[in-house]
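The structure appears right after this line, and notes come after that.
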Amino acid sequence: MNDTLQGQIKSVIYRNNDSGYAVVRVEDTDGRTVTAVGCLPYAAPGESLCAQGRWTSHPSHGEQFSIHTAKRILPDTADALLEYLSSGVIRGIGKATALLIVNEFGEKTLDVLEKTPKALARVKGLTPARAAQIGEAFARQSGLRRLMELLARHGIPTQTALRLMQTYGTGSINAVMDNPYIMTDPDFGVEFPLADAMALSEGMEADDTKRRQAAILYQLYYNMEMGHTYLPYKKLIDSTAALLGEEEPNVLVPSLEALREKGRVVCEDAQLDTSSRCYLNELFVAEVGVASFIREKTAKPVNQPAGLTALIAEIENISGMTYAPAQRKAVLLAAQSGIMLLTGGPGTGKTTIVRAMLRLFDRLNLRFSLAAPTGRAAKRLSEVTDEPASTIHRLLEFGPDPDGGRMRFMRDAKRPLEADVVIVDETSMVDILLMHSLIAALKPEARLILVGDPDQLPPVGPGQAFEDCIASQAIDTVRLTEIFRQGRESGIVMGAHSVNSGQIPALKNDYKDFFFLKRSAAHDAVATVIELCSRRLPQNLNLEPSQIQVLTPTRKGACGTAALNELLQDALNPPDGIKAEKQFGDKIFRVGDRVMQIRNNYNLIRHEMSGLEGEEIEGGVGVFNGEIGVVTSVDPKAERLVVRFDEQWVEYPYETLPELDLAYALTVHKSQGSEYPAVVLAATRGPAPLMTRRVLYTAMTRARQWLIGVGDTDVIAEMVRNNKINRRYSALRERVTR
């Protein structure tokens, strides 16, 4: 890339402020006007440009200059300043305002914007408040532009700059230059090799303590995202040494010790050896805390209520049913245990028994709370029990700390929940961190009932608390195995149980609720999925497209979520010239689109409709990984879009759009905790680690009324046979039984 282009930007053909990509027309030093393309965040006419890159020939647009790096100089003449500000590049300044500002300040305009924006109030029509807003917009834009250019030079996605700005504000570039490894934090998601290459190229030494400590933390965070609560000492040291290219792993020991002294890392043994477990501090505290709670609950007797047998008989009479022995045992244990587990697959009566427990608690005058990990699971729990249910986050009143402003659960040991009994559904989804927050908020005498299906996929987060609790055999547990009549009539239920027992489900379409359409070629499967969602299921089953959820094991490939979402969006919510939309990178978000939050954001504010004249009331803080909503508006002027999540809505500033993805098709992992009236499962070949029995079982159990499989019967057979389970490093089971 030895070519150089120097000149002045005369016009902007295309500019995407989200990615920084721009197409501009440049008048070079020879007076020629040429096209240049590349990362030029907030490019505007009037700027001078000195770019390195190469000349290329585009098949449609002819010769153009492809920019690799660029040095940009903001205008300093009155004419160029007017051209620059009139372009609308700075929010709050249009053509008329630009003329007034330049007439007032001339060549000092940008100095005023950067250093003394209050002086803008001297301009006719600009109030002090609006002057301050323009100054803030300019400062943020200038900082973001410089940061995007810095990251682009090092091959780091420019959208990372938006996340950094949310945390560090206008000090982002200084924070990154001081320690590029801050970008490897899970909040920013930059791979260590990218941040490392930048740090080394900017002059950091290979043996710098910051580098080594960052690599150790990166390995622990990376493995936390893989589901592990800890790493064995030797594995941590060896994998970190490989990451850094160190031949001798022991050179990392001082950095690990420093992280221990800082409280960032906990290694259980004072003298490090191959048996030591190394934790991020928060994971160690959570795992030890949950284990201690379980040991205390199982050791402490509960006051035994009198007349339980008669009460249960009364509840049976009211409900008009006779409970099976295992079901009756579960109801008894709910009254007799400080903590109990209820498990079982579909059709085994878990919901029936939860309802019976609630009736029993009513008669025992025990206050109860119902919760689930996700909004959809909580809504379903409320529907089947006719009782209020909430997400665990809402139950624990997640929000900003009034004193420090950081996000935390307001319910904890100092302000525990008032409930005498807490019942959690879909507990297999609850990671060790959330479980710890939950048990910390229970009053000492409160009872905890955990309900779930351990044969589904484990939590997205670290640990496998529910599975470990069952495996410990230290907690009163009832596993329901009998499939009742209604379940035996369901192809979904019987097929799921077949898969779980290692048998290929019946695929001959003998059931009314489970069909399989054989399509051996991936492109045929894709076409069938689109046709089912857009035409056949709405017409034949009277379903709204919003009631149909496409699931697939993988993100990539012809039947991955990336490709399917684009095709389903075109089929179900095409552009019509009326619906507003926002292009963000390679995605388009359009009014009416189904979207999903793909990472936790603790700063977004939720609002609810009170039902009284449309009055808006605040409904909590935070939108969490896996939540699904619908885009209801796109506002280019305010640079935001609004997403409705059930009865709540959230404003998304454009800089938060990297956290949204289309959700017409979901991976099976992302569907955990949800049920849908109809599921279309794309069963075509994918990466072996994703083509497992657990994935297939979890997908099938997401369907409430109809399940339609599309794909290759050989793939179904291979998934059933592949019962490989990726074991997680978790010591909860051992701690519970100590």
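The values are calculated or read from the model by the stated rules, or taken from the named source; none is laboratory data. Worth saying up front: this structure is predicted, and the values here are computed from it rather than measured. Reconstructed Cβ throughout: ideal geometry from the backbone, glycine too, with neighbour counts over all protein chains shown. Please note that ligands, DNA and RNA were not included when accessible areas were found on the heavy atoms of the full protein model with its side chains. Shrake-Rupley method; radii C 1.70, N 1.55, O 1.52, S 1.80 Å.
Worth pointing out:
- Residues in region 449-477 that are in a strand (DSSP E or B) and surrounded by fewer than 23 Cβ atoms within 10 Å (Cβ to Cβ): Asp476, Thr477.
- For region 236-252, the count of residues that are in contact (Cβ under 8 Å) with a residue 24 or more places away in the chain and either under 27 Å from Arg146 (Cβ atoms) or touching a Pro at 6+ places or on another chain (Cβ under 9 Å) (or both) is at least one.
- Filtered by the rule that a residue be open to solvent by 70 Å² or more (accessible area, probe 1.4 Å), modelled with pLDDT of 85 or more and outside any strand (DSSP E or B), region 1-31 gives Thr29, Asp30.
- The residues on offer are Ala129, Ala206, and the sole one that is over 20 Å from Leu259 (Cα atoms) and among the small types (Gly, Ala, Ser) is Ala129.
- Filter result (without any contact (Cβ under 8 Å) to a residue 40 or more places away in the chain and under 30 Å from Ser292 (Cα atoms)) within region 684-737: Ile725, Arg727, Glu734
- Exactly one residue among Asn540, Asn565 is under 19 Å from Ala527 (Cβ atoms) and open to solvent by less than 60 Å² (accessible area, probe 1.4 Å), and that residue is Asn565.
For (1) surrounded by fewer than 22 Cβ atoms within 10 Å (Cβ to Cβ); (2) at pLDDT below 95, each residue gets a yes or a no:
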| position | (1), (2) |
| --- | --- |
| Leu662 | no, no |
| Leu666 | no, no |
| His669 | yes, yes |
| Gln672 | no, yes |
| Val679 | no, no |
| Gly709 | no, no |
| Lys724 | yes, yes |
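- Just one of the listed residues (Thr737, Thr692, Thr701) is in contact with a Pro (Cβ under 8 Å, 6 or more places away or on another chain) and among the hydroxyl-bearing types (Ser, Thr, Tyr), and it is Thr701.
One line per residue, one yes/no per condition, for (1) over 27 Å from Ser671 (Cβ atoms); (2) hydrophobic (A, V, I, L, M, F, W, C):
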residue: Pro400; (1), (2): yes, no
residue: Thr427; (1), (2): no, no
residue: Leu448; (1), (2): no, yes
residue: Gly463; (1), (2): no, no
residue: Glu467; (1), (2): no, no
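- Residues in region 582-593 that are assigned to a strand (DSSP E or B) and modelled with pLDDT of 90 or more: Ile588, Phe589, Arg590.
- Applying the set (1) touching a Gly at 6+ places or on another chain (Cβ under 7 Å); (2) over 30 Å from Ser730 (Cβ atoms) to Phe466 leaves exactly one unmet item: (2).
- Which listed residue, of Thr77, Thr97, Thr33, Thr69, is of a type in the set (Val, Ile, Thr) and without any contact (Cβ under 8 Å) to a residue 24 or more places away in the chain: Thr33
- Selected residue [part of a helix (DSSP H, G or I), more than 30 Å from Ala214 (Cβ to Cβ), open to solvent by less than 10 Å² (accessible area, probe 1.4 Å) and touching a residue at least 60 places away in the same chain (Cβ under 8 Å)] from Ile312, Ile294: Ile294
- The residues in region 315-329 that are of a type in the set (Ser, Thr, Tyr) and assigned to a helix (DSSP H, G or I) can be counted, and the count is 1.
- Gly686 falls short of the stated requirement of being at positive phi and not in a helix (DSSP H, G or I).
- Region 339-359, residues that are buried (at least 20 other Cβ atoms within 10 Å of the Cβ), closer than 30 Å to Phe398 by Cα and either out of contact with any Ser or Thr (no Cβ under 9 Å at 6 or more places or on another chain) or β-branched (Val, Ile, Thr) (or both): Ile339, Thr343, Ile353, Val354, Met357
Quick grid of which residues meet (1) at pLDDT 85 or above; (2) β-branched (Val, Ile, Thr); (3) within 25 Å of Arg406 (Cα to Cα); (4) open to solvent by less than 70 Å² (accessible area, probe 1.4 Å):
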site: Val595; (1), (2), (3), (4): yes, yes, no, yes
site: Leu604; (1), (2), (3), (4): no, no, yes, yes
site: Gly611; (1), (2), (3), (4): no, no, no, yes
site: Gly620; (1), (2), (3), (4): no, no, yes, yes
site: Glu627; (1), (2), (3), (4): yes, no, yes, yes
site: Val630; (1), (2), (3), (4): yes, yes, no, yes
site: Ala638; (1), (2), (3), (4): no, no, no, yes
site: Val643; (1), (2), (3), (4): yes, yes, yes, yes
site: Tyr652; (1), (2), (3), (4): yes, no, yes, yes
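- Screening Gln336 against (1) open to solvent by 20 Å² or more (accessible area, probe 1.4 Å); (2) under 30 Å from Gly622 (Cα atoms) leaves a single unmet condition, (2).
- The set of residues from region 75-89 being open to solvent by 30 Å² or more (accessible area, probe 1.4 Å) and farther than 21 Å from Ala638 by Cα comprises Asp76, Thr77, Ala78, Asp79, Leu82, Glu83.
- In region 315-333, of all residues being touching a strand residue (DSSP E or B) at 6+ places or on another chain (Cβ under 8 Å) and open to solvent by 20 Å² or more (accessible area, probe 1.4 Å), the one that is nearest to Ala446 (Cα to Cα) corresponds to Leu333.
- Matching residues, region 40-64, being in a strand (DSSP E or B), under 22 Å from Ser142 (Cβ atoms) and open to solvent by less than 40 Å² (accessible area, probe 1.4 Å): Leu49, Ala51
- Here Met204 passes the criteria (1) in a helix (DSSP H, G or I); (2) crowded, with 16+ Cβ neighbours inside 10 Å; (3) touching a residue at least 24 places away in the same chain (Cβ under 8 Å) except the one numbered (1).
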